[in-house]
Every structure is written in structure tokens, then in C-alpha cells.
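The values are calculated or read from the model by the stated rules, or taken from the named source; none is laboratory data. Quick caveat, the model's predicted, so the values are computed rather than measured. For neighbour counting, all protein chains shown are included, and Cβ atoms are generated from backbone atoms with ideal geometry for every residue, glycine included.
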Amino acid sequence: MIKVLKPIVDLIAPPLCLICEKPTDKVVCDTCRSKIDKTLEIKENFCLKCGGVFDGRVCPRCRDTKFVFEFNRSVYIYKKPIKDLIEDFKYRGIKRTSDFMAEKMANLIEKEFPQIDFLVPIPIHPTRRRERGFSQTELIVEKLSQITGIPCDCSSLIRVKHTRVQANLSKGERKENLKGAFKLKNAEKFKGRSILLVDDVMTTGTTVNEAAKVFRRFRSIRVYSITFAIAVYGSRS
């Protein structure tokens with residue numbers, strides 16, 4: 001109940017840390033930021049293709065899926081409290097979460113990515129947008145653009161298929177669910193350019209890969225990906 005009331009409370013009282021819920025002038029307080037950066041931030045031992053952490057010599061996510069993007073990078077491992085932050089953002093409308101997400105993702109862009117010409121959000125279907133009242137990926141991209149100065153395009157990549165929620169589907173069901181889900185308008189705009197697809201979380205990587213495919217039909221377009229979090233492959237925790 002406390003989390004549902006947060007947007008209302010923020011109007012009449014100092015905002016609370018989105019993790020520990022103590023008063024702070026920051027979206028995530030310094031104490032919580034230090035904890036998640038130490039335990040969940042991905043700094044080493046990650047796959048150079050999908051960006052996921054794994055044990056062993058072969059990345060299981062890349063073993064099971066041929067990714068068409070150049071590479072993906074993610075800020076955090078998708079575990080609590082990062083998982084809670086994302087769910088509160090998407091499903092409870094805690095929009096100021098995007099400030100923290102964009103800040104961390106902008107730092108990663110500066111360190112890990114080459115010259116990027118456009119930031120492109122992974123779109124949600126218009127029906128889901130109406131249900132939520134906003135697109136979480138567009139909000140992140142708009143703030144990322146403000147921080148980095150990289151132009152964003154929130155209208156050319158569209159979702160034409162109202163897919164089932166991916167979270168509870170198997171790997172095979174996810175791929176089938178997303179076939180033909182995306183369409184690209186204004187393709188000429190991106191020819192010879194580098195684009196960075198932006199999403200909140202990567203699980204199997206099916207969503208971002210299907211979106212990347214519509215760009216990669218044009219060989220001159222270079223496609224990269226960034227997500228705020230990435231799941232440990234095979235885990236739903």
C-alpha cells in the first residue's frame with residue numbers, strides 16, 4: 001500500500017528513497033546506492049556479446065540464441081531490490097525511477113559504447129501503453145537523451161503485435177510470442193547509422209533481438225543494446 005501511495009505522498013512530503021523508503025533528496029539514497037553498486041552492478045566477468053553474467057566458459061544465453069545486435073550491456077543483475085525498482089516503475093507508475101535508471105545507463109554508454117547516432121526505445125503496444133498510462137522505455141530514452149545529448153527516436157520502431165507478457169513464458173514461447181511483433185518506419189533515416197536500443201530489463205534477450213532484426217534487414221545499420229538490468233539466464237528470481 002505504501003508504494004501505491006508514493007506518487008501522492010511525494011507531492012506533500014519530502015521524497016523517499018525508492019529502496020529503503022527513508023527521506024532523501026535523491027531517488028536512491030547514498031547508502032542504498034552503495035549497497036547495490038557493490039553487490040549487483042556488473043563490472044567484470046560478463047559476456048562480451050549479451051552482457052550477462054554466468055558461470056563456466058560458454059555463455060548459456062548466447063549458446064541458445066543467435067543475437068543479431070553488436071553487443072548488449074546492462075548496469076545491474078536483475079535481482080531484488082533492482083527487480084522491485086523496475087516493477088514499481090512499470091506497474092505502479094513510480095516515474096522518478098527513470099531518473100536513476102537514466103543516470104546509471106548514461107554512465108555505461110559513455111564507458112562502453114562507440115559513437116551512437118540514435119537512441120531507440122523498445123516500444124510497448126498501444127494497448128499496454130493505455131493500460132499503464134505511459135511507456136517506461138520512452139521515459140528512460142528521453143532522459144538519456146537529455147543527459148548524453150544523443151538524439152532519440154521514439155516513433156520509428158513500433159510494436160504492431162499485442163503480445164502476451166513475456167515473464168511467465170518459456171524460451172520457446174517467448175520467441176513465438178514475439179515473431180512479427182515489431183515494424184520499422186522511416187528506415188532510410190537509419191541507413192549507415194549506429195542505433196542503441198534501450199529497454200529496462202533483458203531476460204532471454206528475445207525481445208531486443210526481435211527488435212534488432214528489423215533494423216538489421218538493412219546491412220548498413222549497426223545495432224547495439226543497453227538495458228538497466230539483465231537476469232541470470234534460466235532464473236526467474
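Any chance you could count how many residues in segment 36-55 are part of a loop (DSSP other than H, G, I, E, B), under 15 Å from I82 (Cβ atoms) and under 17 Å from the mean Cα position of the chain (by Cα)?
Count: 4.
Looking only at segment 30-51, which residues are crowded, with 18+ Cβ neighbours inside 10 Å, farther than 20 Å from I140 by Cβ and either free of Cβ contacts under 8 Å to residues at least 12 places away in the same chain or in contact with a strand residue (DSSP E or B) (Cβ under 6 Å, 6 or more places away or on another chain) (or both)?
F46
Which condition number does I150 fail, the rest of (1) in a loop (DSSP other than H, G, I, E, B); (2) touching a Pro at 6+ places or on another chain (Cβ under 9 Å); (3) over 23 Å from G180 (Cα atoms) being met?
All conditions pass for I150, except number (2).
On the basis of being surrounded by fewer than 22 Cβ atoms within 10 Å (Cβ to Cβ) and modelled with pLDDT of 95 or more, does I226 make the cut?
Spelling it out, it is not the case that I226 is surrounded by fewer than 22 Cβ atoms within 10 Å (Cβ to Cβ) and modelled with pLDDT of 95 or more.
Determine if segment 166-180 includes at least one residue that is surrounded by 15 or more Cβ atoms within 10 Å (Cβ to Cβ) and either modelled with pLDDT of 95 or more or hydroxyl-bearing (S, T, Y) (or both).
The answer is no, given that none of the residues of segment 166-180 is surrounded by 15 or more Cβ atoms within 10 Å (Cβ to Cβ) and either modelled with pLDDT of 95 or more or hydroxyl-bearing (S, T, Y) (or both).
Does segment 107-131 hold any residues that are in contact with a strand residue (DSSP E or B) (Cβ under 7 Å, 6 or more places away or on another chain) and more than 13 Å from I226 (Cα to Cα), and which are they?
Hits for segment 107-131 are Q115, D117, P123, I124, H125.
Could you please find all residues in segment 121-149 being in contact with a Cys (Cβ under 7 Å, 6 or more places away or on another chain) and acidic (D, E)?
E138, E142
Go through segment 63-143 and tell me which helices (runs of 4 or more DSSP H), entirely inside it, have 2 or more residues that are modelled with pLDDT of 95 or more and crowded, with 18+ Cβ neighbours inside 10 Å.
Those helices (runs of 4 or more DSSP H) span 82-92, 97-112.
For segment 15-35, indicate whether the set of residues that are farther than 25 Å from I147 by Cα and either under 17 Å from the mean Cα position of the chain (by Cα) or β-branched (V, I, T) (or both) is non-empty.
No, every residue in segment 15-35 fails to be farther than 25 Å from I147 by Cα and either under 17 Å from the mean Cα position of the chain (by Cα) or β-branched (V, I, T) (or both).
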